[in-house]
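**Student:** Below is a structure I'd like to ask you about.
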Amino acid sequence: MIVPEAVGTVLARLGVGAAFGVVGSGNFHATNALRDNGVEFFATRHECGAVLAADGYARMTNRMAVASTHQGPGLTNAVTGITEAAKSRTPLIIISGDTARHDVLSNFRIDQDALARSVGAVAERVHSGRTAVADTVRAYRTAVLQRRPVVLSMPLDVQAMAVDGIPDDLPEIRPPAAVRPSAADVTRLAELIDNARRPVFVAGRGARLAGGPIRELAQRCGALLATSAVANGLFHDDPWSLGISGGFASPLAAELIGDADLLVGWGCMLNNWTMRHGTLIGPNTKVAQVDVEATALGAFRPIDLGVLGDTAATAIDLLAAVDERPGYRSPELKARIADRIRWSPREYEDISTATTIDPRTLSVRLDELLPAERIVSIDSGNYMGYPSAYLSVPDEYGYCMTQAFMSVGTGLATAIGTAVARPDRLSVAALGDGGFHMCVADLETVVRTRLPMVVIVYNDNAYGAEIHHFADGDHATVRFPDTDIAEIARGFGCTGVTVRTEKDLAGVKDWVAGERDTPLVIDAKITEDGGSWWLAEAFRAH
């Protein structure tokens, strides 16, 4: 056995769920070793897509995924995806070839370790045939325990080395044990909750496995429930759920969160997007945070209390420490939430024209037409709040937002990963036309792998964010001719539907009712909205 075969074999035995990549000479043997040991491999058309798909898969399964790249340009192509995973604290393994140590003039040569560290990933490498197994185990353990992507480089001269064998007793690598909060912090947070008349809990991605205990605690103390965008769906079926907090919040949700006298962030950074640059925090609101990362506590704004602890463990401990009370909850408010908490056509005036459709109307109708068992993946752009606000999701595994790096062009590859993760659900990628054109190569991946998917392109023939941010500027550089995206999709082997009016959605209805044997791409010619409300919030910092 040579080194890359050992690397792939060890990763498979440690529990990798799926692998994605673009195969070249530097990662050929390691990728095939993964496949030979039962790890399903999906060949993408771009390395960035491979990492984003692995990220989406990991988020929807809580399992380790691998992205596989060639050395040098293969790894640099993947950097945007690696940065997204690093900023989102997604545990991933990126295996990459690397130039031989003696080949200092190789065209492929870059400092791969420095590149990985520069974007927040951990740099590891295989040093020899003798250490190959230990090096791979260390990389896997680091990804799990630190919740970070690890770039494992395999120099070509090391790849040629022999490995004596792989022990049968590889270690079982488990996530870190839950951090129990201190008794003093539990007492302090219980006092804040007991003294609150209008408490609101905002759960982030760090609380996705703690939904049950947090709900139970909210029920006991009368708190309303909300989530950050990345945790959307966590409380979807709770009558006291306000949905997403922040730029995507409905008017009623923003009102109720802003009127809270206590705001508790659960595994949530309470950052500028989730708190609308602080405008959702009232002048007399007490703020507390619960997180396993000490550096997260108070990172974005002053807080009255930071609790270092696992979100589920903290909620369970608080159940025995807080008094039972109605808090924010009342029959009248429950009726208001049921009637007005979700965005609906009552909240806006339809601005559709004879040739373009209001993006809100489009989203409302698609929410009705598409199967409820879905995973919605979001790209970046002016349009992104429409699918986030109007497309409902069944639970916290029904929404995937890889936007910690705020890059355009990530949504399609993310949806590939979610489709692999949950084949029982319809994967829905929501893109702008700019993002679609950036990632169009991996539409071939969707067709070739026969993934059940709908791609919605909110098409305004522009980079809409820049048009609305620079309202008085020359927009020639950010406006583009109309392209027939539906025809492009058909060229890849998809079903393409152009939507200019509600009547054109009949094509979507026919696809849903049919065999769904090809992916569906919806080229939605949307009416310009004059600048979305969440975009105005996002640019406020600039």
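**Student:** Hey, got the Cα dimensions of segment 183-340 along the principal axes, in Å, largest first?
**Tutor:** 40, 32, 30
**Student:** Assuming R0 = 45 Å, can you tell me the calculated FRET efficiency for the pair PHE480 and ASP237, based on Cβ-Cβ distance, to the nearest 0.05? Spell out each step's value before the answer.
**Tutor:** Working: r = 41 Å, r/R0 = 0.92.
Efficiency, from the Cβ-Cβ distance: 0.60.
**Student:** How long are the three semi-axes of the equivalent ellipsoid for the chain, computed from the Cα gyration tensor as the root of 5 times each eigenvalue, in whole Å, largest first?
**Tutor:** 38, 32, 20
**Student:** Between VAL179 and LEU105, what is the label-point separation in nm under the 7 Å Cα-to-beta-carbon projection?
**Tutor:** Going by the 7 Å Cα→Cβ label model, 5.1 nm.
**Student:** Can you give me the Cα centroid spacing of segment 398-420 and segment 16-49 in angstrom?
**Tutor:** What the calculation gives is 19 Å, centre to centre.
**Student:** GluC sites (Glu not before Pro), restricted to segment 1-97: which are DSSP loop and have at most 11 other Cβ atoms within 10 Å? Please report the intermediate quantities before stating the final value.
**Tutor:** Values: sites: GLU5, GLU40, GLU47, GLU84; in loops: none.
For GluC sites (Glu not before Pro) across segment 1-97 that sit outside H, G, I, E and B with at most 11 neighbouring Cβ atoms in 10 Å, the list is empty.
**Student:** Quick check on segment 345-539: take the gyration tensor over C-alpha atoms, sort the square-rooted eigenvalues as a ≥ b ≥ c, and tell me if it's rounded (a/c under 1.5), prolate or oblate.
**Tutor:** It comes out rounded by the Cα gyration axes.
**Student:** Okay, moving on. Do any chymotrypsin sites (Phe, Trp or Tyr not before Pro) in segment 463-542 lie in a DSSP loop with no more than 15 other beta carbon atoms within 10 Å, and if so, which?
**Tutor:** Listed in order of number, the matching sites are PHE470.
**Student:** What is the Cα centroid distance between segment 357-377 and segment 163-184, reported in whole angstrom?
**Tutor:** 41 Å
**Student:** Sort segment 91-132 into rounded, prolate or oblate with this rule: let a ≥ b ≥ c be the square roots of the eigenvalues of the Cα gyration tensor; rounded if a/c is under 1.5, and if a/c is not under 1.5, prolate when a/b is larger than b/c, oblate otherwise.
**Tutor:** oblate
**Student:** Efficiency by 1/(1 + (r/R0)^6): what FRET value for PHE470 and ARG89, r their Cβ-Cβ distance, R0 = 35 Å, to the nearest 0.05?
**Tutor:** 0.60
**Student:** With +1 on each Lys and Arg Cβ and -1 on each Asp and Glu Cβ, and nothing else charged, work out how big the dipole of segment 195-284 is about its Cα centre, in Debye to the nearest 20.
**Tutor:** Using only the charged Cβ atoms, the result is roughly 180 debye.
**Student:** OK, next. Say each of ALA162 and GLU487 gets a label point 7 Å from the Cα, pointing the same way as Cα to Cβ; how far apart are those two points in nm?
**Tutor:** 6.1 nm
**Student:** Further question on the same structure: Between segment 77-132 and segment 451-499, what is the C-alpha centre distance in whole Å?
**Tutor:** Answer, in whole Å: 34.
**Student:** From the square roots a ≥ b ≥ c of the eigenvalues of the alpha-carbon gyration tensor of segment 3-159, which class results: rounded (a/c under 1.5), prolate (a/b over b/c), or oblate?
**Tutor:** rounded
**Student:** Could you work out how far apart the two model spin labels at ASP36 and ASN271 are, taking each label as a point 7 Å from the Cα in the direction of the beta carbon, and quote it in nm?
**Tutor:** Those two pseudo-labels are separated by 4.2 nm.
**Student:** Please report the net charge: other residues with Cβ closer than 10 Å to the Cβ of ILE351, K and R +1, D and E -1.
**Tutor:** Numbers: positive: ARG360; negative: GLU349, ASP350, ASP358, GLU528, ASP529.
Neighbourhood net charge equals -4.
**Student:** Between ALA441 and ALA299, what length in nm is gained on full extension when 0.36 nm per residue of separation is reduced by their alpha carbon distance?
**Tutor:** 47.3 nm is the gain from fully extending ALA441 to ALA299.
**Student:** While we're here: Once fully extended, how much extra length lies between GLN146 and ASP194, figured as 0.36 nm per residue of separation less the alpha-carbon to alpha-carbon distance?
**Tutor:** 13.8 nm
**Student:** Considering only the other residues whose Cβ falls under 13 Å of the Cβ of MET154, what net charge follows from Lys and Arg at +1 and Asp and Glu at -1?
**Tutor:** Computed value for this residue: -4.
**Student:** Ok, one more. In deg cm²/dmol, rounded to 500, what helix-only [θ] at 222 nm does the chain give when every DSSP H run of at least 4 residues adds -39500 (n - 2.57) and the total is split over its residues? Spell out each step's value before the answer.
**Tutor:** Details: 22 runs with 196 residues, N = 542.
The helix-only estimate for the chain comes to -10000 deg cm²/dmol at 222 nm.
**Student:** Over the chain, what is the percentage of antiparallel beta bridges among all DSSP beta bridges, to the nearest 5?
**Tutor:** 5 percent
**Student:** GLU373 to ALA506: extension gain in nm, 0.36 nm per residue of separation minus the Cα-Cα distance? Present the calculation step by step, with values, prior to reporting the outcome.
**Tutor:** Values: separation 133, 0.36 × 133 = 47.88 nm, distance 2.04 nm.
Gain on stretching GLU373 to ALA506: 45.8 nm.
Taken together, the values in this text are just the output of simple stated rules run on the coordinates, not laboratory data. The shown structure was predicted, so the numbers you read here are calculated from the model rather than taken from an experiment. A quick note on method: Cβ atoms are made from the backbone with ideal geometry, for glycine too, and the neighbour counts reach across all protein chains shown.
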